[in-house]
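Read-outs: derived from the displayed coordinates by stated rules, not from any lab. Model, not experiment: these values are computed from the prediction. Here Cβ is always computed from backbone atoms with ideal geometry, including for glycine, and neighbour counts include all displayed protein chains.
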Amino acid sequence: MSGMPKKPDPYYHYLQAHHQSDHPLKTWGVDWMSLVWLWGFVVVLCLIALLWVRQYRTTRQRGIYDADTWGGYTSELAGPATSFFVLLSIVLTAFAVFLIVGHLVWGQKF
């Protein structure tokens, strides 16, 4: 290593120093929008879970009937999709669409 020239080293430091201030310098700060998204999503999921528990506990089951005749004792509870399932699907779909469109418009920033 003693045979390496000393002259290029300061030159490369000089060149790299030009890139130290390419971006605006920021001190430490809180990204409030990220916190709003994080805790907002958690709150929405908790509310949906509470609504699901309320809906599940107050809805009378319509009964069980044999869904197939070849399965022996296999039976299935049939009915329309619950409001919990519809609400959860809407929230997750909206969140996914926002993420995809946001990444396409603003780029992937994380």
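Couple of notes before you dig in:
- Exposure proxy order (Cβ contacts within 10 Å, fewest to most) of VAL36, VAL91: VAL36, VAL91
- Inter-probe distance in nm under a simple model that places probes 7 Å from Cα toward Cβ, at ASP9 and PHE41: 4.7
- Exposure proxy for VAL86, VAL30: other Cβ atoms within 10 Å of each Cβ, ordered fewest to most, give VAL30, VAL86.
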